[in-house]
1. Sort through Gly42, Gly46, Gly50, Gly56 and tell me the only one that's on the phi > 0 side of the Ramachandran plot and open to solvent by less than 20 Å² (accessible area, probe 1.4 Å).
2. Output the helices (runs of 4 or more DSSP H) that fall wholly within segment 211-315 and possess 2 or more residues being modelled with pLDDT under 90, or say none.
3. Can you say whether Gly195 is of a type outside the set (A, V, I, L, M), at pLDDT below 95 and either open to solvent by 60 Å² or more (accessible area, probe 1.4 Å) or over 30 Å from Ala29 (Cα atoms) (or both), as far as the supplied structure shows?
4. Anything in segment 164-192 that is among the small types (Gly, Ala, Ser), farther than 29 Å from Thr305 by Cβ and at pLDDT below 90? List them, or say none.
5. Lys96 versus (1) part of a helix (DSSP H, G or I); (2) modelled with pLDDT under 75: which is the lone unmet condition?
6. With the condition kept exactly as written, say whether any residue in segment 75-92 is small (Gly, Ala, Ser), modelled with pLDDT under 75 and in a helix (DSSP H, G or I).
Amino acid sequence: MDAPKPCKLGLALSGGTLKAAAHVGVLDALHKMGIQFDCVAGTSAGSFVGALYAHGFQPQDMVRLVDDFPGPRLLDYGFPLVSSMITLTRHRLWPKWPSKAFSLPSGLLQGRRLERYFRKALKGRAYQIPYYAIATDLFTGFPIVYAHPFDRKEGPEPELPTMLGVRAVQPIDDVARVVRGSCSLPGIFTPVVIGPHLIVDGGLRSYVPVEVLRDVGCTHIIAVNLYRLEEEWYPESFAHVLTRSFDILLDETIDADIKGDDVFSIAPDVSHISFVSFGDMKTSVEAGRKAVYERQEEIRQFLNTDTFSGDARTNIGQTKQKRTKDSVSPALKITLR
């Protein structure tokens, strides 16, 4: 079997919690410009939007998902304080008790309902383009790239690419579980066990996953960066303090993530939108569209530079449909049981 051709035009989607609805607006605007991507990589909430795109969801389909998002019904509380007290008591009373004898939630939210939501959204769909999700292994502290390189030819799966500076590259066996792990902000969501790894938010190590796309051969990368530290901020809860601390840590890494002539960075202004406000998701979508519309000419120039070569060049202004017949779903509303 011939080796899969390198990707040319890549899309890197950052984390951003509920603000990641802005990714949908960006994709909608780029789609209307006639731009489609050869592969996609996502971190945290961006890994879910990336999974939707890789599975053939069109932007209008994603907009419907935003409109029908279940919101608070996805919250399954883990009561970490209670579980921590039980664990401490167990260690004091039975110090030799095996630490893995039983497991208790170790986050404010368990994340099981969220995983079920991801699973229902992607049910029955096959990959249309290569997809990469970034997570962090709590055991080693290293990033993990969960990869589905994708090859339309029949036969064994192609080998996973070698990625520079990455400790582990793993195949995707269960995309819903991988996405849940990539979204598991420590302290907020319970970490996810996948094989020998204990997985949490990929944003700890790669908030905007540009390097992954370089490693798989992308010559041009559009990176959507939702990071922007809110200026008028005041803590209202434990979660606010934790996520603010996380945001501050990101400040030193993002510039390095998106640096390079092969990267065009789009940064929708969602700093004024709360990360826990379900009602602001539609506003985030509009912010994503606006960020693209304001820079259409720059994007066209970037895609038409001499360094962009190969069969994957996008014909600006002409929307190319390379998806299978299941690209547009007739009914996207996901009901929870």
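The values are calculated or read from the model by the stated rules, or taken from the named source; none is laboratory data. Keep in mind it's a predicted model, so treat the numbers as computed, not measured. Methodologically, a virtual Cβ is constructed for each residue, glycine included, from the backbone with ideal geometry; neighbour enumeration extends over all protein chains shown. These area figures cover heavy atoms from the full protein model, side chains too; ligands, DNA and RNA do not enter into them. Shrake-Rupley method; radii C 1.70, N 1.55, O 1.52, S 1.80 Å.
1. Going through Gly42, Gly46, Gly50, Gly56 in turn, the sole match is Gly56.
2. The qualifying helices (runs of 4 or more DSSP H) are 238-257.
3. Considered against the rule, which asks whether it is of a type outside the set (A, V, I, L, M), at pLDDT below 95 and either open to solvent by 60 Å² or more (accessible area, probe 1.4 Å) or over 30 Å from Ala29 (Cα atoms) (or both), Gly195 comes out as yes.
4. Ala168, Gly187
5. (1)
6. Yes - at least one qualifying residue is present in segment 75-92.
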